[in-house]
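Chemist: Pasting a structure here, questions to come.
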Amino acid sequence: MVEFARSGEADHLLSFVNLVESRGERQLMWALNRTVDEEKSDLIVSTAHKAKGREWATVRLMDDFLRSRPTKPKTDGKSGVNDHDPAELRLFYVALTRAREAIEVPPTVLSLLG
């Protein structure tokens, strides 16, 4: 599964594989067995794809956005918005616009935008 996820054919599984590798199967199963319905929850974890069309008062993005390599490396070593995959930028926009009141974006992601 790890090899398949990293082959490029199953990018959608990569976050899950990374989670299992970093936290282990037991911790993941422990957490999954303690989930509740969204209406009763204090915290909702979602992918940007699953968040399309939804909104929350506060959104905190993780640092897994804009991970693809820039399409055109810059000579000064800095990247900018136009250097990233357009589909990835659109998904980033979706994630940014899910918050009604507040959003937290990791500095590492902001630095990738130049």
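Chemist: Want the number for L19 to L113: 0.36 nm per residue separation, take away the alpha-carbon distance, what's left?
Modeler: On the way: separation 94, 0.36 × 94 = 33.84 nm, distance 2.51 nm.
So the chain would gain 31.3 nm between L19 and L113.
Chemist: Simple spin-label model, 7 Å along Cα-to-Cβ: E3 to D64 in nm?
Modeler: Each label point lies 7 Å from its Cα, and together they span 2.3 nm.
Chemist: Taking amide H atoms as placed 1.01 Å from N in the peptide plane, list the residues 5 or more away in sequence, or in a different chain, whose amide H sits under 5 Å from that of I103.
Modeler: HN-HN under 5 Å from I103: V59.
Chemist: What is the dipole size for the chain, taken about its Cα centre, with +1 at each Lys and Arg Cβ and -1 at each Asp and Glu Cβ, in debye to the nearest 20? Provide the component values of the computation, followed by the final result.
Modeler: Working: 17 positive and 18 negative charges, 34 e Å.
Result for the chain is approximately 160 debye, rounded to the nearest 20.
Chemist: Taking the Cβ-Cβ separation of Q27 and E88 as r and a Förster radius of 22 Å, what is the calculated FRET efficiency to the nearest 0.05? Could you put the intermediate results ahead of the total?
Modeler: Values: r = 29 Å, r/R0 = 1.30.
With a Förster radius of 22 Å, E is 0.15.
Chemist: Turning to a different aspect of this structure: Pick from T58, T47, T97 the residue whose mean-square fluctuation is largest in a GNM of the chain, springs joining Cα atoms under 10 Å.
Modeler: In the Gaussian network model the winner is T58.
Chemist: Rounded to the nearest 500, what is the 222 nm mean residue ellipticity of the chain from helices alone, with -39500 (n - 2.57) per DSSP H run of 4+ residues and division by all residues?
Modeler: Details: 6 runs with 47 residues, N = 114.
Taking each H run of at least 4 residues, the total per residue is -11000 deg cm²/dmol.
Chemist: Once Lys and Arg get +1 and Asp and Glu get -1 on their Cβ, which of T58, N18, A5 lies farthest toward the positive end of the dipole of segment 1-64?
Modeler: The residue sitting farthest along the positive end of the dipole is T58.
Chemist: Moving on. Using only Cα atoms, find the angle between the long axis of helix 86-96 and the longest principal axis of the chain, and express it within 0 to 90 degrees, rounded to the nearest 10.
Modeler: Helix 86-96 sits at roughly 50 degrees to that axis.
Chemist: Sticking with this structure for a sec: Given [x] 38, 21, 12; [y] 27, 21, 12; [z] 24, 17, 11 as candidate values of semi-axes √(5λ) of the Cα gyration tensor in Å, which corresponds to the one derived from the coordinates?
Modeler: [y]
Chemist: I want the local charge near L89. Using Cβ-Cβ distances under 13 Å, sum +1 for each Lys or Arg and -1 for each Asp or Glu among the other residues.
Modeler: Details: positive: R67, R90; negative: D83, D85, E88.
Once all neighbours under 13 Å are counted, the net charge is -1.
Chemist: Let me ask something else. Calculate how steeply helix 11-23 sits against the longest principal axis of the alpha-carbon atoms of the chain, using the helix alpha-carbon long axis, and give the answer as 0 to 90 degrees to the nearest 10.
Modeler: Between the helix axis and the principal axis of the chain, the angle is about 60 degrees.
Every read-out reported here was derived from the displayed coordinates using simple, explicitly stated rules and does not represent laboratory data. Predicted model, so just to flag it, every value in this text is computed and none were measured. As a convention, Cβ positions derive from the backbone with ideal geometry for all residues, glycine included, and neighbour counts pool all protein chains shown.
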